[in-house]
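The values are calculated or read from the model by the stated rules, or taken from the named source; none is laboratory data. Just so we're clear, the structure is a prediction, and the values are computed from it rather than from any experiment. No Cβ is skipped: glycine too gets one built from the backbone with ideal geometry, and neighbour counts run over all protein chains shown. Side chains are part of the model used for accessible areas, which takes the heavy atoms of the whole protein and leaves out ligands, DNA and RNA. Shrake-Rupley method; radii C 1.70, N 1.55, O 1.52, S 1.80 Å.
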Amino acid sequence: MFYTKEQWMKDFRNRAETIAGLLWVSQKSKYTKASVINRQIKTYRDEKLALLKRQANSEKWGNDRLLNEILSMTYASYIIMLEYRNKVWPYEYMAFARRIGELWEPFCRLTFEYPVKKLHIIKPPDFEQVHRNIRKSAAGYIDSLKIAEDIKIELKRRYEIPWTMVDSGGIKLALDLHFEQDGTHYNCDFKSGFSSNEKGNTNRLLLVASIYHSLGENEKTLLFVRQKESENNHYLQTLKNSPYWDVYCADECYAAMKAFTGFDIRKWLDHNVDWKQDISGELREHLQENDLLKYLTW
């Protein structure tokens, strides 16, 4: 199996047309129709991915070739998802801008899942275990102090007070991507951009990163932001100016991904992605009429 971008797009369009043919005559809501199309296109893509991986294994492909194929297939599936969602539920600006951002994170993550350079995807730590380890370490340190026993007891009591205020069940250390490379654990979050409603998410990211920071020097937190730094608001600056996050925006983001994975995704995008030309005339016309073409940027 070796498809060009155009062949992948034709393949996915044929599949989407079959799916849509059953939906046009149904009485389902536009929301349900859009959900069905996206879900079934994703399922079809997963089936194709399994075939690609089997062929790659059989023919001993390198990850660079496999990744190139997967990116091409994934991009084609995104084009068709956008086209057919718009057919059943025409995009307005908030939904379209959000959707383009949503597709970016899993697309970039593919370069880490099929890296050219050596790295390993890892699971994030469990907060309950981290919680226990921190308290055990603090108690051990207090016990090692050459002070009276009653003072040790009081120190431990005071140390426990803030923990009683923490809803451990509400703290999740999982971010969008966790990987290990050369002995360092990298904990990564992807953001399309920071807007006026990001206060809660910003506070969460500061909390999570501070916990990782407390675990030691081999834990790093990285933030990849699709938009240019100048296009984001003060919430991004809050994270960037904190001691916890290494922040990369726009092309700096792609350069960092290349350094970690060995794959130049910026170059791949420049050579293969042309949203305005690749989408159907029908979708292009709708985006032009509603001033939405400007959101087709990665």
Taking segment 3-28 and keeping residues more than 29 Å from A56 (Cα to Cα), open to solvent by 30 Å² or more (accessible area, probe 1.4 Å), outside any helix (DSSP H, G or I) and of a type outside the set (K, R) leaves V25, Q27
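Restricting segment 81-105 to residues that are out of contact with any helix residue (DSSP H, G or I) (no Cβ under 8 Å at 6 or more places or on another chain) and assigned to a helix (DSSP H, G or I), which is nearest to G21 (Cα to Cα)? Don't jump to the end; show me each part of the working.
To start, the set of residues in segment 81-105 that are out of contact with any helix residue (DSSP H, G or I) (no Cβ under 8 Å at 6 or more places or on another chain) comprises 92, 94-95, 98, 101-102, 104-105.
Restricting the remaining residues to those that are assigned to a helix (DSSP H, G or I) gives 94-95, 98, 101-102, 104-105.
Numbers: M94: 28, A95: 24, R98: 27, G101: 28, E102: 26, W104: 28, E105: 30 Å.
Only one residue fits best here, namely A95.
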| Just to be sure, is L175 at pLDDT 95 or above, surrounded by 12 or more Cβ atoms within 10 Å (Cβ to Cβ) and either more than 27 Å from the chain's Cα centre (by Cα) or closer than 30 Å to H120 by Cβ (or both)? | yes
Of the listed residues (L287, L292), the one being within 19 Å of Y78 (Cβ to Cβ) and in contact with a His (Cβ under 9 Å, 6 or more places away or on another chain) is L292
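Which of the residues that make up segment 237-272 are among the hydroxyl-bearing types (S, T, Y) and either surrounded by fewer than 18 Cβ atoms within 10 Å (Cβ to Cβ) or over 18 Å from the mean Cα position of the chain (by Cα) (or both)?
T238, S242, Y244, listed by residue number.
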V116: passes all of (1) out of contact with any Gly (no Cβ under 8 Å at 6 or more places or on another chain); (2) farther than 25 Å from E289 by Cβ but (1)
The number of residues in segment 193-233 that are farther than 21 Å from F127 by Cα, more than 17 Å from the chain's Cα centre (by Cα) and touching a residue at least 24 places away in the same chain (Cβ under 8 Å) is 6
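I'm trying to understand the selection: among the residues of segment 186-236, which are hydrophobic (A, V, I, L, M, F, W, C) and open to solvent by 30 Å² or more (accessible area, probe 1.4 Å)?
Result: L206, L207, L215.
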| query | Does segment 129-138 include one or more residues that are surrounded by 15 or more Cβ atoms within 10 Å (Cβ to Cβ) and within 30 Å of G262 (Cβ to Cβ)? | reply | no
Residue hits (segment 139-162; surrounded by 11 or more Cβ atoms within 10 Å (Cβ to Cβ) and among the basic types (K, R)) are K152, K156
Taking segment 192-230 and keeping residues hydrophobic (A, V, I, L, M, F, W, C) and either under 23 Å from I100 (Cα atoms) or touching a Lys or Arg at 6+ places or on another chain (Cβ under 7 Å) (or both) leaves F194, L205, L222, L223, F224, V225
**Asked** Looking at segment 47-57, is at least one residue part of a helix (DSSP H, G or I), under 16 Å from L283 (Cβ atoms) and open to solvent by 70 Å² or more (accessible area, probe 1.4 Å)?
**Response** no
